[in-house]
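**Q** Shown below is the structure under consideration.
Every number in this text was worked out from the coordinates using simple rules, so none of it is lab data. Computed from a predicted structure; not experimentally measured. Counting neighbours? That spans all protein chains shown, and the Cβs are built from the backbone with ideal geometry, glycine included.
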Amino acid sequence: MSGIATAGQADEHFNLRLYIAGQTPKSLAAIANLQTLCREHLPGRHSIEIIDLREQPELAARDQVVAIPTLVRHLPPPLKRIIGNLANIEKVLVGLEINGVTT
Amino acid sequence: MFSSPKAAGEAIDKSPTGIAGLDQVTFGGLPAGRPTLVCGSAGCGKTLFAMTFLVNGAAQFGESGVFMSFEERTEDLATNVASLGYDVAGLVDAGKLMFDFVRVERSEIEESGEYDLEGLFVRLDHAIRSTGAKRVVLDTIEALFSGFGDSTILRAELRRLFAWLKARGVTAIITAERGEGQLTRHGIEEYVSDCVILLDNRVIDQITTRRLRVVKYRGSAHGTNEYPFLIDEGGISVLPVTSAGLDYAVSSEVVPTGVPDLDAMLGAGGFWRGSSVLVTGAPGSGKSTLSAHFLDAACKRGERAMAFVFEEAPAQIMRNMLSAGIDLRPHVDAGLLRFEAARPSLYGFEMHLTRMMRDVNDFDPQVVVLDPITSLRGDEVELQTTLLRMVDLLKARGTTAYFTSLTAGDGTITQSDSGMSSLMDSWLSLRDIEASGERNRGLYVLKARGMSHSNQIREYLITNSGVHLVDVYVGADGVLTGSARANQEAIEAAEAVSRAEEVDRRQRALARKRATIGRQIAELEADLGAEEAEIEALGRQADLREQVLVGDRSAMAARRGAAE
């Protein structure tokens, strides 16, 4: 895990929710991209909840989900939303405010 | 009104909106099972329009609805429309309506890679399923354009959404902002093409008029004009404009004018029921008093009457009419008479007419008075066509309409009056007659379709027992009114007196003559009697002399006999 130096609170726990709708290619890609990202950048300090709106449609309104896939960062505050299949790792890291990312 | 709403070959199912007037314009409502686009600039009433469609669907037509809002929070929406008399909360509790506020905030969203709007579909699908909705509103879907950066994806998704809504068979209203050079700012009309309704809010001469137009309606006939519509405490109402079919039923019943002398001037003894009456007159000529008579008479017959007044407050009218011996208050208290007062400048005249038609539909009066129509301001041609609509709508209802119009004092007929004339069945003209330093009031029947009528100009007086007509003297010098008339009356009265005196004198002379002759007869008879008596006396003397003579002769004979 070299190349990563988390500034500030290195022990901050990331509570993430990923909303998908069925096993679509976009959803599967998003899940895979997220898992990779967390493994690399948030080892041991993240929890991921994957919600399939096909099965639980009533949960969509809770986090104001419109686009699919949507990644919601619940912790640490404030709430953040990232939409798309998370293919652009850079944008996700910026969006999740995972600091100190170096190459 | 409109002829058969479902013409032959009309294949489209309609979903009634329950908005007064709109269902007539669209011959039954919005296309059922298809999306309809409602566009207009800010403050046009798009949200209210959509909400009305849903609430009416749930409350009147047994169709549940889903309101997906992209702009206002659910609580705000419910509060906003509660002021218009919609019990949204009650319908939500009953499970007939469902709100979903979709908040899209650009600043909170980061985009990374491909996405679609499946979340929106899932939410909509969930809401439709859980309420069994037949009606869906998306308000204002264009808000999505500010929320997502990739408009290519967005457009593709919107196309998919409308196709999906159509496949679901729900009747949907999608609202959108008015754009420059096109109907909507983001060209939504490309995707929703079954029915497009445009709402407009125009300010002319500081007066706002809301208008509605059905831009297109695929597969159905529709009214193509711009129709004024109204948003007030009664919700939305649209005034259908071109309902001017000349096929209304006519009545041969007569509505008295409330002034018996005036009834006598009209061949039928009043106006025909369902006809329209115009009363023109100068300021202070008694137009309002005549209309008060008309209202009073209607209420006394037990009919409902409605008066739209633009110049005075109802309380002031009632007080003023008391001085003419007309007490309208009991009719108001009994619910037979309703005043609707509004300043002319409050709305545009089309708005006034929309409001009036709604009130007329509510109250269902047999007679309606508009006092005065000249207060309604606007373009001459527009005013005339709009009044034509009003006249037609009232005629279609069989309501007798009584319009007053202010004219110049000299009784000249202005252009607008002659324009109005063709709409009116009867026309009473009140005019000032100025002579000998006085202003007096004259009335005549200018026209009365379908009945003979007096050709006289009649002077009338407004007394403390109402309007009374008096005979007018027409001589070589023209019409005599007021004190000139009184003078003429005095002269005629004096002549009558002198004629009576002459007769009396002649009669007395005759009586005297008769007495004289009687006396002469008596004298002659007395003479005759005297003569008779004299002759009789003479006769008696003759007899006596005869007897004496006979006695003398016999005595002489006796004496002569003794001597022999």
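**Q** As a footprinting exposure proxy, order B:T404, B:T385 by other Cβ within 10 Å, with the fewest listed first. Mind showing how you got there, number by number?
**A** Numbers: B:T404 25, B:T385 16.
Fewest to most other Cβ atoms nearby, the residues stand as B:T385, B:T404.
**Q** Show which lysines lie in cross-link reach of B:K300 when reach means a straight Cα distance below 26 angstrom and same-chain residues fewer than eight apart are skipped.
**A** Within reach: B:K287, B:K395.
**Q** Quick one: helix B:287-300 against the long Cα principal axis of chain B, what's the angle to the nearest 10°, folded into 0 to 90?
**A** Its long axis makes an angle of about 90 degrees.
**Q** Which of the lysines could a cross-linker span from B:K46 if the Cα-Cα distance has to be under 23 Å and same-chain partners fewer than 8 positions apart are dropped?
**A** The reachable lysines, counting only those whose Cα sits under 23 Å from B:K46, are B:K14, B:K96, B:K134, B:K166, B:K216.
**Q** How large is ³J(HN,Hα) for each residue in segment A:82-90, as worked out from phi by the Karplus curve 6.51 cos²θ - 1.76 cosθ + 1.60 (θ = phi - 60°), to whole Hz, x for Gly and Pro?
**A** 10, 10, x, 7, 6, 5, 8, 4, 3
**Q** Could you pull out every residue, at least 5 positions away or on a different chain, whose amide H is within less than 5 Å of the one on B:I173? Hs are placed 1.01 Å off N in the peptide plane, and Pro or chain starts have none.
**A** B:T36, B:V136, B:V137, B:L138
**Q** OK, next. Going by C-beta contacts inside 10 Å, put B:F70, B:F403 in order with the fewest on the left.
**A** Listing B:F70, B:F403 from fewest to most nearby Cβ atoms yields B:F70, B:F403.
**Q** Scale the Cα Rg of segment B:451-564 by the rule-of-thumb value 2.2 N^0.38 Å and send over the ratio, two decimals.
**A** Here the Cα radius of gyration is 3.12 times the empirical estimate.
**Q** Quick one: Karplus J couplings for segment B:224-237, per residue in order, coefficients 6.51, -1.76, 1.60, θ = phi - 60°, nearest Hz, x for Gly and Pro?
**A** Result, rounded to whole Hz: 9, 6, 8, 10, x, 9, 10, 10, 8, 5, x, x, 9, 9.
**Q** Kindly rank B:99-106, B:488-495, A:62-69 from highest to lowest mean number of other beta carbons found within 10 Å of each residue.
**A** A:62-69, B:99-106, B:488-495
**Q** Now for a separate question. For chain B, take the longest principal axis of its alpha carbons; what is the angle in degrees between that and the long axis of helix B:151-168, to the nearest 10 within 0 to 90?
**A** Roughly 60 degrees, rounded to the nearest 10.
**Q** How high is the relative contact order of segment B:151-303? Use alpha-carbon pairs under 8 Å, at least six apart in sequence, and give a whole percent.
**A** Result for segment B:151-303 is 11 percent.
**Q** Average projected area of the Cα convex hull of chain B, in nm²?
**A** Values: hull surface 198.1 nm².
Directional mean of the projected Cα hull area for chain B stands at 49.5 nm².
**Q** Between B:V279 and residues 5 or more places away or on another chain, which pairs have amide H atoms under 5 Å apart, with H built 1.01 Å from N, and which residues are they?
**A** B:F403, B:T404, B:S405, B:L428
**Q** To two decimal places, what compactness ratio does segment B:102-253 give when its Cα radius of gyration is scaled by 2.2 N^0.38 Å?
**A** On the way: Rg = 19.9 Å, N = 152, 2.2 N^0.38 = 14.8 Å.
Ratio of Rg to 2.2 N^0.38 Å for segment B:102-253: 1.34.
**Q** So which trypsin sites (Lys or Arg not before Pro) in segment B:17-98 are both in a DSSP loop and have at most 16 other Cβ atoms within 10 Å of their Cβ?
**A** Numbers: sites: B:K46, B:R73, B:K96; in loops: B:R73, B:K96.
Those that pass, being in a loop and sparsely packed, are B:R73.
**Q** Rank the residues A:I82, B:I19 as a footprinting-exposure proxy: fewest other Cβ atoms within 10 Å of their Cβ go first.
**A** On the way: A:I82 29, B:I19 21.
Least to most surrounded, the residues fall as B:I19, A:I82.
**Q** So what J values fall out for segment B:203-215 if you push phi through Karplus, 6.51 cos²θ - 1.76 cosθ + 1.60 with θ = phi - 60°, rounded to Hz, Gly and Pro as x?
**A** Rounded to whole hertz, the list is 10, 10, 6, 6, 10, 8, 10, 8, 9, 10, 9, 8, 6.
**Q** Determine the shielding of peptide A:21-29 by partner chains: average, over its residues, the number of Cβ atoms on other chains within 10 angstrom of each Cβ. Mind dumping the intermediate values first?
**A** Values: counts 5, 2, 0, 2, 1, 5, 1, 0, 2.
Rounded to a whole number, the mean comes out at 2.
**Q** Over all residues in A:81-93, what is the mean tally of Cβ atoms on other chains that come within 10 Å of each residue's Cβ?
**A** Values: counts 6, 7, 13, 10, 4, 4, 3, 4, 2, 1, 4, 3, 1.
Whole-number average of other-chain Cβ neighbours for A:81-93 is 5.
**Q** Can you give the local net charge around B:D194? Use residues other than it whose beta-carbon is closer than 9 angstrom to its beta-carbon, Lys and Arg +1, Asp and Glu -1.
**A** The answer is +4.
**Q** Quick check of the Kirkwood formula: for segment B:42-164, what is the inverse mean of 1/r over all pairs of different Cα atoms, in Å?
**A** On the way: mean 1/r = 0.0654 Å⁻¹.
After inverting the pairwise mean of 1/r, the radius is 15.3 Å.
**Q** Right, next: About the Cα centre, and with charges only on the beta carbon of Lys, Arg (+1) and Asp, Glu (-1), how big is the dipole of segment B:249-395? Nearest 20 debye, please.
**A** That gives segment B:249-395 a dipole magnitude of about 160 debye.
**Q** Kindly give Rg over Rh for the protein assembly as shown, based on alpha-carbon atoms, with the Kirkwood expression for the hydrodynamic radius. Mind showing how you got there, number by number?
**A** Working: Rg = 49.0 Å, Rh = 32.8 Å.
Result: Rg/Rh = 1.49.
**Q** Would you be so kind as to identify which of B:S285, B:S323, B:S275 lies farthest towards the positive end of the dipole of the protein assembly as shown, taking Lys and Arg as +1 and Asp and Glu as -1 on Cβ and the Cα centre as origin?
**A** Among B:S285, B:S323, B:S275, the one farthest towards the positive end of the dipole of the protein assembly as shown is B:S275.
**Q** While we're here: I need to check one value: relative contact order of chain B, counting alpha carbon pairs closer than 8 Å and at least 6 residues apart, in percent.
**A** Here the relative contact order equals 12 percent.
**Q** Starting from the Cα of B:R159, step 7 Å along the direction of its Cβ; do the same at B:R129; then give the gap between the two resulting points in nm.
**A** Label-label distance for B:R159 and B:R129, simple model: 2.8 nm.
**Q** Oh, and also: What are the residues whose amide H is under 5 Å from the amide H of B:A20, where those residues sit 5 or more places off or on another chain and H is modelled from the backbone?
**A** Excluding prolines and chain starts, which carry no amide H, the hits are B:V238.
**Q** Once both axes come from the Cα atoms, what is the angle between helix B:380-397 and the longest principal axis of chain B, in degrees from 0 to 90, rounded to 10?
**A** That works out to roughly 80 degrees.
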